[in-house]
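Worksheet for the structure shown next.
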Amino acid sequence: MNGISYKATIDDADMREKLASLIAKMQRPQGFYKNVGEHLLNSVKDNFEAETAPDGTRWKTLSQATRDLRSKKYGNAPVTILRASGDLMNSINMQASDTDVRIGSSLVYAAIHQFGGDAGREKKVTIPARPYLGLSSVDEGEVVAIAEEWLAVD
């Protein structure tokens, strides 16, 4: 992944310790990480559709200049954030191994939308951060549940 790959950690120390204990018991953790990746792909899609960060914070609305440019380019396009063409949302992918799962996008502009920053010719445009990758508290609980289920069938 050349565009962006995001590393997230579970904030809750007890949950993180429980997960580490569960993973230590796994003989073939790649399948577990693949299941976590599949869950996170769905979670990221939900973030795009709700136009919110993983923590539930709403993304900043589009500027008038962006709406005007989009209107010229796409005609009477809906005013969706980060989904005018669907390319960014559809580029999200995951890679699972025996040690982790990485979720991200290979699109060059993926990182600027996740973190925000200056862009355009001579960096004259400031794009606000609109995080779409990361773990919500619900995701954290689901990762532990996936680990418990994985151990039950492993």
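The values are calculated or read from the model by the stated rules, or taken from the named source; none is laboratory data. Since the model is a prediction, treat every value here as computed from it, not as a measurement. A quick note on method: Cβ atoms are made from the backbone with ideal geometry, for glycine too, and the neighbour counts reach across all protein chains shown.
In the range 51-76, the residues that are under 28 Å from Glu140 (Cβ atoms) form Cβ pairs under 8 Å with partners that are among the charged types (D, E, K, R) and assigned to a strand (DSSP E or B), at six or more places apart or across chains, as follows: Glu51/Arg58; Thr52/Arg58. When Val138 is tested against (1) of a type in the set (Val, Ile, Thr); (2) within 17 Å of Asn35 (Cα to Cα); (3) surrounded by 14 or more Cβ atoms within 10 Å (Cβ to Cβ), exactly one condition is not met: (3).
Of the residues making up the range 31-60, those that are polar (S, T, N, Q) and under 15 Å from Ile103 (Cβ atoms) are Asn35, Asn42, Ser43, Asn47. Inside the range 42-64, residues that are among the charged types (D, E, K, R) and under 18 Å from Ala8 (Cβ atoms) make up a count of 3. Of the residues making up the range 123-141, those that are at pLDDT 90 or above and either in a loop (DSSP other than H, G, I, E, B) or in contact with a Lys or Arg (Cβ under 7 Å, 6 or more places away or on another chain) (or both) are Pro128, Ala129, Arg130, Pro131, Tyr132, Leu133, Gly134, Leu135, Ser136. The residues listed here are Ala65, Ala77; of these, the one that is small (Gly, Ala, Ser), at pLDDT below 90, loosely packed, with under 13 Cβ neighbours inside 10 Å and out of contact with any Gly (no Cβ under 7 Å at 6 or more places or on another chain) is Ala65.
The rows are residues; the columns are (1) closer than 24 Å to Glu148 by Cα; (2) among the aromatic types (Phe, Trp, Tyr).
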{"position": "Lys18", "(1), (2)": "yes, no"}
{"position": "Ser21", "(1), (2)": "yes, no"}
{"position": "Phe32", "(1), (2)": "yes, yes"}
{"position": "Gly56", "(1), (2)": "no, no"}
{"position": "Ala65", "(1), (2)": "no, no"}
{"position": "Tyr74", "(1), (2)": "no, yes"}
{"position": "Thr80", "(1), (2)": "no, no"}
{"position": "Asp100", "(1), (2)": "yes, no"}
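Of the residues making up the range 77-103, those that are in contact (Cβ under 8 Å) with a residue 12 or more places away in the chain and within 17 Å of the chain's Cα centre (by Cα) number 16. Only one entry in Tyr132, Tyr109 is aromatic (Phe, Trp, Tyr) and more than 26 Å from Leu19 (Cβ to Cβ), namely Tyr109.
Looking across the range 108-122 at every residue that is without any contact (Cβ under 8 Å) to a residue 40 or more places away in the chain and in a loop (DSSP other than H, G, I, E, B), the one that is nearest to Asp11 (Cα to Cα) is identified as Gly116. Of all residues in the range 5-16, those satisfying the criterion of being part of a loop (DSSP other than H, G, I, E, B) and surrounded by fewer than 18 Cβ atoms within 10 Å (Cβ to Cβ) are Lys7, Ala8, Thr9, Asp11, Asp12.
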